[in-house]
There are 2 protein chains.
Amino acid sequence: MERCFAMPFGYNGKILRVNLSDGRISIERPNENFYRRYLGGEGFVAYYLLREVKPGIDPLSPENKLIFAAGPLTGAPIPGCGRNSVGAKSPLTGGFGEAEVGGMWGAELKRAGFDAIIVEGRAESPVYLWVHDGEAEIMDAKHLWGKDTGETQTIIRRELGDNLIRVASIGPGGENLVRFACIIVDLRNAAGRTGMGAVMGSKNLKAIAVRGRERVEVYDPNKLRELSRWLNENMSKFRFVNDLHNYGTGAGMDAGAASGNLPFRNFRDGGFPSPEKLDARTIKKTISIGMEGCYACSVRCKKVVRIGEPWNVDPAYGGPEYEALAALGSNCGIDNLEAVTKANELCNRYSLDVISTGVTIAFAMECYENGIISSEDTGGLELRFGNAEAMVKMVENIAYRKGLGKILAEGVRGASKTIGRGSEKYAMHVKGLEIPMHEPRLKRALGLGYAVSPTGADHMHNMHDTGLASSGPMLDALSSLGVLEPIPLEDLGPKKIRAFIYYVDWRVLDNCLLICDFLPWDFNQKTEIVRAVTGWNTSAWELMKAGERVITMARIFNIREGFNKKDDWLPERFFKPTRGGPLSNTSLDPNIFRNALELYYEMMGWSKDGVPTRARLEELDIGWAYEYLK
Amino acid sequence: MERCFAMPFGYNGKILRVNLSDGRISIERPNENFYRRYLGGEGFVAYYLLREVKPGIDPLSPENKLIFAAGPLTGAPIPGCGRNSVGAKSPLTGGFGEAEVGGMWGAELKRAGFDAIIVEGRAESPVYLWVHDGEAEIMDAKHLWGKDTGETQTIIRRELGDNLIRVASIGPGGENLVRFACIIVDLRNAAGRTGMGAVMGSKNLKAIAVRGRERVEVYDPNKLRELSRWLNENMSKFRFVNDLHNYGTGAGMDAGAASGNLPFRNFRDGGFPSPEKLDARTIKKTISIGMEGCYACSVRCKKVVRIGEPWNVDPAYGGPEYEALAALGSNCGIDNLEAVTKANELCNRYSLDVISTGVTIAFAMECYENGIISSEDTGGLELRFGNAEAMVKMVENIAYRKGLGKILAEGVRGASKTIGRGSEKYAMHVKGLEIPMHEPRLKRALGLGYAVSPTGADHMHNMHDTGLASSGPMLDALSSLGVLEPIPLEDLGPKKIRAFIYYVDWRVLDNCLLICDFLPWDFNQKTEIVRAVTGWNTSAWELMKAGERVITMARIFNIREGFNKKDDWLPERFFKPTRGGPLSNTSLDPNIFRNALELYYEMMGWSKDGVPTRARLEELDIGWAYEYLK
């Protein structure tokens, strides 16, 4: 590695700002150090939400801003760099909302000349945004309103006359302001969590279509080729990458059930009896018709599936990821792969987050089984655990806010408030965001991650303790950050918290760079990629600090919105064992968990109440953010 | 860069432990993670002092331990890796004592099979230690006692029959327990600060002679060669390296005088009128007979000089570095290069630290001029600023504790206590360590560094603000850590403190790795060197954290010894302008300085009283050290 000097490249990015209320479109060119401090993706989301969104606004009002952001690596010709991020104040949590998504859209946005789009205001009637070759136009979308995401993409491509246009859009879920509506990209990828699709719907923004022909500039193409070559030559040595390449996510449901990681019946029970029925290996042998990949990626982990009568699953919407298989499957007590796949397709078609959808339906099932809601409420549906037809029907009801779906469209926190009668204890969420498909009674730092993630219960700001319990890729990777020995699964002591913090800084950095964490790059290689693409004389130190900077900014956003220490807590269910299964004798201890939480605050340089100190903000080069804590 | 995995190399180091009280010699083999956490050098010093030296002991008692430590890079065939560190509880400060030194000795220690030597106890009569080829012997040194360092080296080499033996030794200064006695290596390099030579003397240890024939193992020799090649091809592009290569330190005394950086008359006055007389460029044209270098180094910044009658300077002792030129020269109001060079030679001959010696003599001169001491006290010497002969004579008097020299041998803090009568205000020290030759009224973060360095006023745990005030190598280097814009010279605000902390973490890391900071390696290149030599899958993050870890451990050592916030302060002189010169209208503001100090504590994750928090210790993977704070 040659010695680099300060800023030799002249990173030259553009940000598009579109106000849908008055139709103003402008282009901003932040200086290079802005890019270097906040990078992109979640970093931009945190920056613009903190600086530009007034505290206390209704997330579904025109005052919210919806930010689509690529990262500094997006579009570079190397695997793992095809992602983008979407953020806004979340209508599901009332706090920091952000989700990342793969596919081709992010790279196309860069090729169209932009790093990010800030959408403001609200259009009077439905519109879509057409971004191409350094320009943007607001287009009428009245004819698209009510259409699903597939129809939307087809019509837009046809009317703009270009089949290579990439479309991010919402279906009826987003239009109907389902609080956990997502944004669908290329039909089979979802910016899933925290209800970004509802924000899009609230703005009367049906879609953003992008197309560009610019080449994404790379500072050192030879270095980048060398890194790509390493990946291609070594990828097959990583078992987790092989599994992703061959099956996609969800190969290993049996192991998940055996360890207790696989949620079963709304996180209540253990020992889901038929995990192999939902396994990605089973998909490969049955409904799969191939695999697809994101931009420039050789892992190609995206399932393509087809199912005929009676479920009729359209291959355009892709196949279910692990989160869908578990949320709509085992967590609802369902092992019917075809039904789960159909529900997944409907979620993509209607733009609903599969995790929140599955957890919300499981919540309703548990309410039903406990007599809190009845078949009167469900319109006659026997909404019991295991009823696949009812589950699929509920997906549609939620998207269209039909019957009970209207209540469930508020997410489990909102729904349980409306339903009352003790249903709150079945509402599996943190800060309003439904719990993903990883078990905090097993992975305890992951549980802490659910508690403290600024987005609520989230697996994209989180660490899986299992990876650290023995030698393997995670320990290899973390060793470069100074985590030198394995840490037992059940540990929630200082060493685990330290590893958790380092890992989460890294994950958040991934969310800013928009580099896929399914690639086996270690920290030094990621640093090399950033250096090679941007020309910045950056280091692992600066990049880790960027991750910490952004998670701290997101924390400040939530504090300003009124969140406090009490919100950093898990549903009580996790402090008791599961009914049956491998975790029937173990659970989180609330005292240990509280200690871990407080230690986390302290290690982060926050007060005992979880508020970042001024000195820490200054150390992170965001002293300006202190005013938002006053 | 290929992805590395955890610990592939099996770093296989040995530490020699020698108890001089009972003659026991043992060899320890810490595990690889010990090396990776504490690295070597100052890291080992901090570790062993904290773990093994009981609080409150007399630094000159057998209970103190004297640690000689190389680093993980020492002896690798690449420039800048020939240094070692020496540490003990300091007899000058009563706190953390540590100094680094160049030359060949460190590399030879590694070739002899050891990373470090821990010297315990006290020999009944003078001894020296003979370390060679994985073995060690305690040798009689009665015949060496009283000899200067040159004679000592000559006799040892002769009696052991090997002219390639490398010797670290003390002369009369160390023997006579001058509290700022240093340890001299290869005659012209000094482990100068904090009185390590006095500790050596107190143990009746005259010298450590080392010789080895092992090759220092390197994990990736090709990578190391590539880095060496980069240096050789690019070195000349760095002006500061060129200056070092051509002249050694001290080229630019005129610029120092013009900016106000060059101390003049015990830091009292400004505008030293004849800086060019002491300049390294002048040395080159007059008394220089060549340049030498440390192990494997192509910079070769070590002056060799010869002077005939009347001063008779022996070339074996090398020429004066910048610190000597200023401390024994301008700071004593002296511009007689030959006298200064002689005083420098005597310091090396007698094993006295040139900085403390010069500052102590300047202190005495100011006392003399103010009538606090008289010619009766000085044995008739006219100890005025500018009296070169008196200065040289005082060096000898201090080494032999003759007359006033007996009092001055205690350093300025001790001497001013004995002398009293208001002399304390002329005692330029922090925590008992005399101020080096860099002006804190000009370089204000450097002033903060004097205040907070665990060793007291020290330029080896410090940053020079000038490097950050405009574009140049320091900003280039710091940019890789996220310091992206120049920061004005006079600034002591959050951005400066942040840069200071990052820089000092890095400097302390250098003191652990024992890599010379005169080489223009940037942070990523240093990381590469560590990876190439050790095979560790390390990163800039882990290494910066190691620097922070070690400075925190040193802080804890001092707290345990009773130091507190009050000790983190500068002599009052620096809060007033100089008499005349470029700084006659400016000085440090005590309120701004106090704010900076407190912000520093907070950014370090310490309490308002400067005590590291438990969470911070855990985050640095030294939770074990918390017990020492109770």
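Quick one: compute the contact order of chain B, relative version, from alpha carbon pairs under 8 angstrom and 6+ residues apart, as a percent.
On the way: 1496 pairs, mean separation 98.3, N = 630.
Result for chain B is 16 percent.
How large is the helix-only mean residue ellipticity at 222 nm for the protein assembly as shown, computed as the sum of -39500 (n - 2.57) over DSSP H runs with n ≥ 4, divided by its residue count, in deg cm²/dmol to the nearest 500?
Numbers: 44 runs with 460 residues, N = 1260.
When only DSSP H runs of four or more count, the value is -11000 deg cm²/dmol.
Which of the trypsin sites (Lys or Arg not before Pro) found in region B:124-213 are loop residues per DSSP with 16 or fewer other Cβ atoms within 10 Å of their Cβ? Intermediate results must be reported in sequence, preceding the final value.
Numbers: sites: B:Lys142, B:Lys147, B:Arg157, B:Arg158, B:Arg166, B:Arg179, B:Arg188, B:Arg193, B:Lys203, B:Lys206, B:Arg211, B:Arg213; in loops: B:Lys147, B:Arg179, B:Arg188, B:Lys203, B:Arg213.
Here the sparse-neighbourhood loop sites are B:Arg213.
On a straight-distance basis, which lysines could pair with B:Lys284 in a cross-link, Cα separation under 20 angstrom, same-chain partners fewer than 8 positions away excluded?
Cross-link targets: B:Lys302, B:Lys303, B:Lys342.
Net charge near A:Leu60: determine it from the other residues with C-beta under 13 Å of the C-beta of A:Leu60, scoring Lys and Arg +1 and Asp and Glu -1.
Taking every Cβ under 13 Å from that of A:Leu60, the sum is +1.
Let me know the Kirkwood hydrodynamic radius for region B:175-215, please, with Cα pairs as the basis and the value in Å to one decimal.
Numbers: mean 1/r = 0.0913 Å⁻¹.
Computed over Cα pairs of region B:175-215, the Kirkwood hydrodynamic radius comes out at 11.0 Å.
Please turn the phi angles of region A:252-269 into ³J(HN,Hα) values with the Karplus equation 6.51 cos²θ - 1.76 cosθ + 1.60 (θ = phi - 60°), one per residue in order, whole Hz, x for glycine and proline.
x, 4, 5, 5, x, 5, 5, 7, x, 6, 7, x, 9, 6, 6, 6, 7, 10
Give the long-range amide H neighbours of A:Cys182: residues separated by 5 or more places, or on another chain, with amide H under 5 Å away, using H modelled in the peptide plane at 1.01 Å from N.
Counting only residues 5 or more places away or on other chains, the set is A:Gly197, A:Leu352, A:Asp353.
Give me a comma-separated list of calculated 3J(HN,Hα) values for region A:94-105, in order, Karplus coefficients 6.51, -1.76, 1.60 applied at θ = phi - 60°, integers in Hz, x for any Gly or Pro.
x, x, 5, x, 6, 8, 10, 8, x, x, 10, 5
Tally Lys and Arg at +1 and Asp and Glu at -1 over the other residues with C-beta under 12 Å from the C-beta of A:Asp567: what net charge comes out?
Values: positive: A:Arg413, A:Lys431, A:Arg555, A:Lys565, A:Lys566; negative: A:Glu561, A:Asp568, A:Asp609.
Charge balance in the 12 Å sphere: +2.
Near B:Lys526, which lysines are there with a Cα under 22 Å away, not counting those fewer than 8 places off in the same chain?
Cα-Cα hits under 22 Å: A:Lys223, A:Lys526, A:Lys545, B:Lys110, B:Lys223, B:Lys237, B:Lys545.
Sticking to Cα atoms, compute the Rg of region A:259-434 to one decimal and its Dmax as the biggest Cα-Cα distance, whole number, in Å.
When restricted to Cα atoms, region A:259-434 yields Rg and Dmax of 15.9, 51 Å.
Could you give me the percent of Cα pairs per 5 Å distance bin for region B:15-211, shortest bin first, beginning at zero and ending with the bin that holds the maximum distance?
Histogram of Cα-Cα distances, whole percents per bin: 1, 9, 18, 23, 24, 16, 7, 2, 0.
Can you compute 3J(HN,Hα) from phi for each residue in region A:408-421, using the Karplus curve 6.51 cos²θ - 1.76 cosθ + 1.60 with θ = phi - 60°, rounded to whole Hz and x for Gly and Pro?
Values per residue, Gly and Pro as x: 5, 4, 8, x, 5, 5, x, 5, 5, 5, 5, 6, x, 6 Hz.
Shortest first, in nm, what separates the label point of A:Asn370 from those of the same position in the other copies (7 Å along Cα→Cβ)?
In ascending order, 7.9 nm.
Give me Rg/Rg_expected for region A:457-553, where Rg uses Cα atoms only and Rg_expected = 2.2 N^0.38 Å with N residues.
On the way: Rg = 13.2 Å, N = 97, 2.2 N^0.38 = 12.5 Å.
Cα Rg divided by the expected 2.2 N^0.38 Å: 1.05.
Can you give the FRET efficiency to the nearest 0.05 for A:Asp589 and B:Arg421, using r as the Cβ-Cβ distance and R₀ = 60 Å?
Values: r = 65 Å, r/R0 = 1.09.
Rounded to the nearest 0.05, the efficiency is 0.35.
Over 51 Å, how big is the tail of the calculated P(r) for the protein assembly as shown, in percent of all Cα pairs? Walk me through the intermediate numbers first.
Details: 262219 of 793170 pairs.
Looking at the protein assembly as shown, the distances longer than 51 Å represent 33 percent of pairs.
What are the residues whose amide H is under 5 Å from the amide H of A:Val313, where those residues sit 5 or more places off or on another chain and H is modelled from the backbone?
A:Ile307, A:Gly308
Say a site is exposed when it is one of the GluC sites (Glu not before Pro), sits in a DSSP loop, and has at most 10 other Cβ atoms within 10 Å; what is then the longest site-free stretch of chain A?
Values: sites that count: A:Glu124, A:Glu376.
Answer from the scan: A:377-630.
What does the convex hull of the Cα atoms of region B:487-630 come to per residue, in Å³, rounded to a whole number? Intermediate values should be presented prior to the final figure.
Details: hull volume 20.7 nm³, N = 144.
With only Cα atoms used, region B:487-630 gives 144 Å³ per residue.
Sum up the charges of everything whose Cβ sits under 13 Å from the Cβ of B:Gly414, counting Lys and Arg as +1 and Asp and Glu as -1, but leave B:Gly414 out. Show your work: numbers first, answer last.
On the way: positive: B:Arg179, B:Arg401, B:Lys406, B:Arg413, B:Lys417, B:Lys431; negative: B:Glu410, B:Glu424, B:Glu434.
Residues close to B:Gly414 contribute a combined charge of +3.
Roughly how large is the A-B contact in terms of buried accessible area, totalled over both chains, probe 1.4 Å, nearest 100 Å²?
Working: alone 21660 and 21630 Å², together 38370 Å².
The contact between B and A buries close to 4900 Å².
Hey, can you grab everything whose amide H is under 5 Å from the amide H of A:Met139? Only 5+ residues off in sequence or another chain; H modelled, so Pro and N-termini drop out.
The answer is A:Tyr128, A:Leu129, A:Trp130.
Say R0 is 51 Å: what FRET efficiency, to the nearest 0.05, do A:Lys566 and B:Asn234 get from their beta-carbon distance? Walk me through the numbers before you get to the answer.
On the way: r = 57 Å, r/R0 = 1.11.
Once the sixth-power term is evaluated, E becomes 0.35.
By how many nm would the segment from A:Trp624 to A:Arg579 grow when fully extended, if each residue of separation counts as 0.36 nm and the alpha-carbon distance is taken off?
Numbers: separation 45, 0.36 × 45 = 16.20 nm, distance 4.92 nm.
So the chain would gain 11.3 nm between A:Trp624 and A:Arg579.
With Rg and the Kirkwood Rh both taken from Cα atoms, where does Rg over Rh land for region B:197-341?
Values: Rg = 18.9 Å, Rh = 17.7 Å.
With Rh from the inverse mean 1/r over Cα pairs, Rg/Rh is 1.07.
Given 37 °C and 0.692 mPa s, how large is the Stokes-Einstein diffusion coefficient of chain A in µm²/s, with Rh as the Kirkwood radius over Cα pairs?
Values: Rh = 24.1 Å.
Estimated via Stokes-Einstein, D reaches 136 µm²/s.
Computed FRET efficiency, Cβ-Cβ of A:Asp58 and A:Lys285, R0 51 Å: what is it to the nearest 0.05? Walk me through the intermediate numbers first.
On the way: r = 48 Å, r/R0 = 0.94.
Given R0 = 51 Å and the Cβ-Cβ separation, E is 0.60.
The values are calculated or read from the model by the stated rules, or taken from the named source; none is laboratory data. Because the structure is predicted, anything quoted here is derived from the model rather than measured. Don't worry about glycine lacking a Cβ; one is built from the backbone with ideal geometry, like all the others, and counts go over all protein chains shown. Heavy atoms of the whole protein, side chains included, go into the accessibility calculation; ligands, DNA and RNA do not. Shrake-Rupley method; radii C 1.70, N 1.55, O 1.52, S 1.80 Å.
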